[in-house]
Amino acid sequence: MKENFFITFEGGEGTGKSTQARLLADFLEKKGISCLLTREPGGSAGAEEIRNLVVKGEVGRWDVMTETLLMFAARRDHLVNVVWPALKEGKTVICDRFADSTMAYQGFGYAEKGVGPQTVEQLYQIVVGPFKPDLTLILDLPVELGVERALKRDVDTNRYEKMGLDFHRNLRRAFLEIEKKAPQRCVVINAADTAEKIHAQIAAVVQKRLLKADPNE
């Protein structure tokens, strides 16, 4: 059985990805699995600089292709300097967002203005290659509730949180479509419950898909 994994969290704004990523890292560490918790865009020095460019400022700061290229530039730096070295060291890497977010946001989120799935996939093959997550957990939440939660957080509102509900509805549909196309990798998690119950769902999925099926073994 494989001993370390690359696990990603995906979903719209306000779905609780960061909280659940931390809870999963704690869960795995207690099982003796060394974890690295990271995020995208960001996670490395260079990628964090690019993150500031894409998440801050006015909604229309970038055209979608420019934004997509920035995301992949950040991703490449993150993979080369953080994710791949950590996996080589035997650590499990848990990432708050990865390439599915680029597909959902820049590929589909802008509707007819998006770059489209084929462009995102082509860029993925150039920048990332055959590497993919072992498991992707998609936290799903009604759009209105997710945006409301995001706007209540005690942090600066990012560009995406300022975008209209139609944008966020497109995102939700995109993430659900991603799961349908890759059910062997992706699992949709109901994120409308308490953090503790959501974590229990996630722990059960990780236990079944990546660890021993029976938690008592």
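The table below lists the values:
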{"read-out": "Residue list for the range 8-67, filter: basic (Lys, Arg) and farther than 20 Å from Cys186 by Cβ", "value": "Arg22, Lys30, Lys31, Arg51, Lys56, Arg61"}
{"read-out": "Yes/no for Thr8 being polar (S, T, N, Q) and out of contact with any His (no Cβ under 9 Å at 6 or more places or on another chain)", "value": "yes"}
{"read-out": "Qualifying positions in the range 109-165 - at pLDDT 90 or above and either assigned to a strand (DSSP E or B) or touching an Asp or Glu at 6+ places or on another chain (Cβ under 8 Å) (or both)", "value": "Leu135, Thr136, Leu137, Ile138, Leu139, Asp140"}
{"read-out": "Residue, most open to solvent (accessible area, probe 1.4 Å), within the range 99-140, restricted to residues that are of a type in the set (A, V, I, L, M) and closer than 16 Å to Gly12 by Cα", "value": "Ala111"}
{"read-out": "Residue in the range 36-54 that is over 17 Å from Pro133 (Cα atoms), part of a loop (DSSP other than H, G, I, E, B) and over 16 Å from the mean Cα position of the chain (by Cα) present", "value": "no"}
{"read-out": "Selection count where residues are small (Gly, Ala, Ser), part of a helix (DSSP H, G or I) and either modelled with pLDDT under 95 or within 26 Å of Leu210 (Cβ to Cβ) (or both), scope the range 71-108", "value": "5"}
{"read-out": "Qualifying residues in the range 70-95 (those that are open to solvent by less than 20 Å² (accessible area, probe 1.4 Å) and within 22 Å of Phe27 (Cα to Cα)) - the one farthest from the chain's Cα centre (by Cα)", "value": "Ala86"}
{"read-out": "Selection status of Leu23, in contact (Cβ under 8 Å) with a residue 60 or more places away in the chain, open to solvent by 10 Å² or more (accessible area, probe 1.4 Å) and either among the aromatic types (Phe, Trp, Tyr) or in a helix (DSSP H, G or I) (or both)", "value": "yes"}
{"read-out": "Failed item in (1) modelled with pLDDT of 95 or more; (2) assigned to a loop (DSSP other than H, G, I, E, B), with Val59 passing the rest", "value": "(1)"}
{"read-out": "Residue check, Glu217 closer than 16 Å to Asp26 by Cα and either open to solvent by 50 Å² or more (accessible area, probe 1.4 Å) or at pLDDT below 95 (or both)", "value": "no"}
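The values are calculated or read from the model by the stated rules, or taken from the named source; none is laboratory data. All values reported here derive from a predicted model rather than from experimental measurement. Here Cβ is always computed from backbone atoms with ideal geometry, including for glycine, and neighbour counts include all displayed protein chains. Protein only, heavy atoms only, side chains kept; ligands, DNA and RNA dropped before computing areas. Shrake-Rupley method; radii C 1.70, N 1.55, O 1.52, S 1.80 Å.
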